[in-house]
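Input: a single structure, listed below in structure tokens.
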Amino acid sequence: MDLFAQTLVNGLLQSGLYALVASGLALAVGVVGIVNFAHGEYLMIGAFLAWAGSALLGVDPLLSLPVIAVAVYGVGALTYRVSIRHVLLAPELNQMLLTFGLGILLQNLALMLLGGNTRTVSTPYQASSLQLGELSVGGPKALAFGLAAALLGALYFTLYRTTLGRQMRAVAQNRRGAQLIGIDVDRVYLIAFSVSCALAAVAGVLVSVLLFASPTVGLVFALKAFAIIVMAGLGNLTGVLWASALLGVSEALVQTYVPGGGGWSDAVFFLMIFGTLVLRSYRGAR
Amino acid sequence: MSARNVEGGTPVRAAPRRELTLGAALPLLAFLALAALFPFLPLGSRAEFLLQIAFFTLVAGIMALSWDILARSGQVSLAHAAFYGLGAYGYALLLKAGLPWALAMPVAALLAGGASLILGAVTMRLSGMYFAIATLAFTEVVRTIIQNLPESVAGGATGLLVPALLGGNSRAQYALAWGLLAFTVLVSLAVRLTRLHFAFAAIRQGEETARVLGVSIVRFKLLAFFISSSLAALAGVLYAGKTFFINPLETFSLANSIAPLTTSIFGGLYTTLGPVLGAGVLRVAEELLHNSVKNGYLVVYGLVLMLSILWLPRGLMGLRRNKKHGGDL
Amino acid sequence: MTAATTTGGALSPTPQGVEVLRAEGLSKRFGGLKAVQDVSFTHHQGEILAVIGPNGAGKTTLLNLLSGVYRPSAGRLHLGGRDVTDLPMEARCHAGLGRAFQIVRPFPEMTVHENVTVGALFGKPGQRLPKARERAWALLERTGLAAHADKAAHELTLLQDKRLEVARAVATQPSVLLLDEVMAGLRPGEAQEAVALVRGVRDSGVSVLFIEHIMPVVRDLADRVVVMDQGQVLAQGTYREVTADPRVVSAYLGTEEGLHA
């Protein structure tokens, strides 16, 4: 039973990180209407910036986190200006392929500049752990979960309690209508897309502490984020939370209870994607 | 030719088709003839190296063209690496089981084609990004499965040794790759010139309309998957037999899905010449870059894909000014 | 999919003629909304049957039930004595149901001729490409599109697009052609040409079922009219009969359109 409880806790903690990555992706899908296949690459950029800050300047990733968030917000804004903006009205296929190309570009630029090795960040709290009764929780994991929860709280607060958030939701629901009542749609798009990138980068900082930084670290998180937003329904931000929890916990259960589960847990997201898509497409079938 | 639309509204699409003429096939034949003559050129001291680049250019051509055949039915797949890898692994395992190579090759292709029917059936009703995400995930899972099979079966994460194709004779290997590319070209032309063309194009351009007009989407979408994936598996066999050693990470690498997609879009979607031509240009560019940088040479594909979408939606084939030329093959 | 079953083999001529299409109690619910309720009618060989009704009466849903876009929640559909209720769209096409859409949907990357060829090639199983091309040509000539055969569909005028839509549906060799407001968006002169086109289709032996808003077109074209209101059949009969029916008049007066709009 303890093992089970421990597994549940581990899964839930992991899901905080997933929710952070996926909510950014969902924001871009929901507001801008773009499925950003390069989302994982902004995570990768965040992870590398955290590593660089730590290895070169000796700054703890948690301290550099706000700076990184702002920097990657800028990168996102630039991306929006030079590429995304030009395909907003193009067929879905073009949008998809454009962000896909962007992802390949960023990943390979990183490979070119930094090589394929993984870079680890060492922090004083890396090996720490919290004792909650019978359960033990890794310090960085708990920290990451706390940060993710705080950020998600801030995101939801912004979306539901501020003018900007209302504008975003208005644009998400009806672009033309939003335009007619005087909302600067282009600006809202820019902000939503950039925030989405910044969220990925923050997740990247956490990933650098929990795992490592590498040029390809983004892909697997992006894939899982896809699974989450597909399960939540494209652009559905609230659905992201429970879908992330489901993915995190399922993975943890597979890791604990399936023999050789470490290798198989990476396939859980795929079953979720397929399960959801098949179910949905056949329920939609008339 | 379509200039870039500021609104980005120019879809990735082909020009309306005109009646076909034989003249349209000439560039294709010229390309194949040049490729056939390549090993007989005085290649000097670097002959072996150049022949290897040329070999993988042919493999890239098979991959791009086979990807395009699937795309013609409206299925823009990110699972091509899966079938390439299944071809490579299928071939290696069949050889291990004692099959002669000449039998292992087609059987591996058919097995991969069969596996594609499973994916095709599941993704039948999906479109756009849902389809892309599902195919992307499929690749990752096939890799996970191969990697997690007992090491005695498929070599696990380390990989498998594969006996060299045709005893390692690089000219013979090149000839085989050429033959398989020529075969792929024939299949592509057959798809283009028969009723399959109308079925695929109709499904791509309006699935519901196609169904109302009696096009059986189940049959044709699966057929597209089967043809495309079997051909991709042949490319995988060539890869396995040429490199002697395959591992899950490289064989099922996303790059093997990206390259054919980019090559086909860059060369000209839904044509036969475009993807082959695109492979010729991009694979050489990749090799040149690979010579100067060790990592990240795939940046070419990212850049080319973005630029093609933004400025060249019809690819190289869209650059031709001679519109009287007849239908693109 | 299950194969269609024949019902007793009875294709008995009724007083109005031989039955081609028969709906029996067709219903379609979307959640709590009853879009179509218990709709029954019989369509006879060589007949032009109009389905009219105020906006929201369920006409388009009915057409989608007939062509197989939706599966009915209840009821059966018989085509030429065959139960086609459970057939998917493509199989209904093979069974003899053709459909033209209200909003024309040409295949954008094909020429006009290729568009029609798709219908000719796949409308019935076992067609050969050369033969299908020829039949497509013949149809383009009949529908006055031969001069535009090599154009892309987007180069056509709206009327030509509608002709293409009809030609492509006729190319599938239907026994019944379903037309969804083909007159929509046409100028009066063009509408007259479209009326002639539909008559021509009927004269070639295809029964036509059409949805229409424009009453003069219904009067000119329809042999019989089915009036729908709130998902149900309100009245059936000739144009004169239904327009004289007080229930029909009040259903229309209850809307902004008016009967003779």
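A few points about this structure:
- Selection within segment A:102-120 - open to solvent by less than 40 Å² (accessible area, probe 1.4 Å) and touching a Phe, Trp or Tyr at 6+ places or on another chain (Cβ under 6 Å): A:103, A:104
- Members of segment B:261-285 that are open to solvent by 10 Å² or more (accessible area, probe 1.4 Å) and in a helix (DSSP H, G or I): B:266, B:273, B:277, B:280, B:281, B:283, B:284, B:285
Here's the yes/no breakdown for (1) among the polar types (S, T, N, Q); (2) farther than 18 Å from residue A:37 by Cα; (3) in contact (Cβ under 8 Å) with a residue 24 or more places away in the chain:
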{"site": "A:201", "(1), (2), (3)": "no, no, yes"}
{"site": "A:217", "(1), (2), (3)": "no, no, yes"}
{"site": "A:233", "(1), (2), (3)": "no, no, no"}
{"site": "A:241", "(1), (2), (3)": "no, yes, yes"}
{"site": "A:266", "(1), (2), (3)": "no, yes, yes"}
{"site": "A:272", "(1), (2), (3)": "no, yes, yes"}
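- Checked against (1) within 9 Å of another protein chain (Cβ to nearest Cβ); (2) part of a helix (DSSP H, G or I), residue A:116 passes all but a single condition, namely (2).
- Among the residues making up segment C:82-103, those that are touching a residue at least 24 places away in the same chain (Cβ under 8 Å) and more than 10 Å from chain B (Cβ to nearest Cβ) are C:82, C:83, C:84, C:86, C:87, C:96, C:102.
- Output for segment A:197-222, where each listed residue is within 14 Å of chain B (Cβ to nearest Cβ), of a type in the set (A, V, I, L, M, F, W, C) and surrounded by fewer than 23 Cβ atoms within 10 Å (Cβ to Cβ): A:219, A:220
- Condition check for residue A:133: within 14 Å of chain B (Cβ to nearest Cβ) and either aliphatic (A, V, I, L, M) or open to solvent by 40 Å² or more (accessible area, probe 1.4 Å) (or both): no
- Residues in segment B:146-160 that are in contact with a helix residue (DSSP H, G or I) (Cβ under 8 Å, 6 or more places away or on another chain), outside any helix (DSSP H, G or I) and more than 10 Å from chain A (Cβ to nearest Cβ): B:158, B:159, B:160.
- Any hit, segment B:286-301, residues being aliphatic (A, V, I, L, M), touching a residue at least 60 places away in the same chain (Cβ under 8 Å) and not in a loop (DSSP other than H, G, I, E, B): no
- Residues that are within 15 Å of residue B:214 (Cα to Cα), part of a loop (DSSP other than H, G, I, E, B) and either among the small types (Gly, Ala, Ser) or away from chain B (no Cβ under 14 Å) (or both), drawn from segment C:138-182: C:171, C:175
- Restricting B:225, B:198, B:183 to residues that are over 25 Å from residue B:305 (Cα atoms), open to solvent by less than 30 Å² (accessible area, probe 1.4 Å), touching a helix residue (DSSP H, G or I) at 6+ places or on another chain (Cβ under 9 Å) and part of a helix (DSSP H, G or I) narrows the list to B:198.
- Selection of segment C:114-135 for residues being within 11 Å of residue C:167 (Cα to Cα) and surrounded by fewer than 24 Cβ atoms within 10 Å (Cβ to Cβ) yields only C:135.
- Listed by first and then second residue, the pairs linking a residue in segment B:111-129 that is more than 10 Å from chain A (Cβ to nearest Cβ) and over 18 Å from residue B:67 (Cβ atoms) to a residue that is open to solvent by 10 Å² or more (accessible area, probe 1.4 Å) and part of a helix (DSSP H, G or I), with Cβ atoms under 8 Å apart and 6 or more places separating them unless they lie on different chains, are B:111/B:86; B:111/B:90; B:114/B:226.
- Subset of segment C:42-81 that is assigned to a strand (DSSP E or B) and surrounded by fewer than 18 Cβ atoms within 10 Å (Cβ to Cβ) - its residue that is farthest from the other protein chains (Cβ to nearest Cβ): C:76
The values are calculated or read from the model by the stated rules, or taken from the named source; none is laboratory data. For clarity, every value in this text was computed on a predicted model and none was experimentally measured. Ideal geometry is used to build each Cβ from the backbone, glycine not excepted, and the neighbour counts take in all protein chains shown. Accessible surface is based on the protein model in full, side chains and every heavy atom, while ligands, DNA and RNA are left aside. Shrake-Rupley method; radii C 1.70, N 1.55, O 1.52, S 1.80 Å.
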